[in-house]
Amino acid sequence: MGKTIIQQARGKGSFTYRVKRKAFRYKLQYPKKLEDEGKVVKLFNSAGHTAPLAKISYDKESFYIPAFKGMIEGQKIKLGTKEIAQGNILKLKDIPLKTQIYNLESRPGDGGVFIKTAGSSVLINKKIGKDIFVIMPSKKERKFHENCRAIIGVVAGAGRLDKPIIKAGKKYHIKKSKSKLWPRTSAVKVNAIDHPFGSGRGKNPKSKIAKRNAPPGRKVGLIRPKRTGKRK
């Protein structure tokens, strides 16, 4: 009798394949209005984020943002002013061209969606009317509204991938904190009853295209591919 394969188990959502809530208890966002200044109260690590986080106190309230390179506790940052300095939060229309920014909003007021990974930043390329064009890490240009907000600087924690992970247990706990499945067993190495690609009879199976309405467990291989075959 075969067991439930991984795709089915993850789809069910048991505690084995569910991220811990406390890993994402810090919501990264901006205050509704940007005015005056804020103070860096605390710098700390979060299991659910690759970069260190910073708690900013602001007008008897507080909010969390990814820390920038060189940030220290007790430092003051400007909110909404046109002063260009590390850590200041401004609207895109007030930021000069070729300035490094991060924690960029997709729409004005959403709190920051793009560029929050450790060591990342983007550059403002050009401004046309109310549209601001930014060169993303993929080297592609993306258009944003002029009222979208961002932080000046580079996200702290660069070099995270430079240090090798020596022990398998450390890798396991890193992945587990983000609800990532590790280690991953190759599909062709399991039993035939446990996976559609299973058994040792064919180590190099041809790519299979799963039907769009296939249930979890049968939807394996190429999922809704744009193209198939060897690229010429």
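The values are calculated or read from the model by the stated rules, or taken from the named source; none is laboratory data. Please read all numbers here as calculations on a predicted model, not as lab measurements. So basically every Cβ, Gly included, is an ideal-geometry build from the backbone, and we count neighbours across all protein chains shown.
Only residues in the stretch 65-86 that are acidic (Asp, Glu) count as the first member; pair them with residues that are at pLDDT 90 or above, Cβ under 6 angstrom, at least 6 apart or cross-chain, and list the lot.
Pairs that qualify, where the first residue is acidic (Asp, Glu) and the partner is at pLDDT 90 or above, are 73/40; 73/43.
Residues being among the small types (Gly, Ala, Ser) and either exposed (fewer than 15 other Cβ atoms within 10 Å of the Cβ) or not in a loop (DSSP other than H, G, I, E, B) (or both): count how many of those fall in the stretch 136-168.
Counting residues in the stretch 136-168 that are among the small types (Gly, Ala, Ser) and either exposed (fewer than 15 other Cβ atoms within 10 Å of the Cβ) or not in a loop (DSSP other than H, G, I, E, B) (or both) gives 4.
In the list 160, 149, which residue meets the criterion of being closer than 30 Å to residue 29 by Cβ and at pLDDT below 90?
Exactly one of 160, 149 is closer than 30 Å to residue 29 by Cβ and at pLDDT below 90, namely 160.
For the stretch 205-228, which residues satisfy the criterion of being out of contact with any strand residue (DSSP E or B) (no Cβ under 8 Å at 6 or more places or on another chain), exposed (fewer than 10 other Cβ atoms within 10 Å of the Cβ) and at pLDDT below 80?
206
Pick out the one residue from 72, 77, 65 that is touching an Asp or Glu at 6+ places or on another chain (Cβ under 7 Å), modelled with pLDDT of 90 or more and over 18 Å from residue 146 (Cβ atoms).
Testing whether each residue is touching an Asp or Glu at 6+ places or on another chain (Cβ under 7 Å), modelled with pLDDT of 90 or more and over 18 Å from residue 146 (Cβ atoms) leaves just 77.
Quickly run through the stretch 27-51 and pick out the residues that are farther than 29 Å from residue 159 by Cβ and assigned to a loop (DSSP other than H, G, I, E, B).
Answer for the stretch 27-51, where residues must be farther than 29 Å from residue 159 by Cβ and assigned to a loop (DSSP other than H, G, I, E, B): 31, 32, 33, 34, 35, 36.
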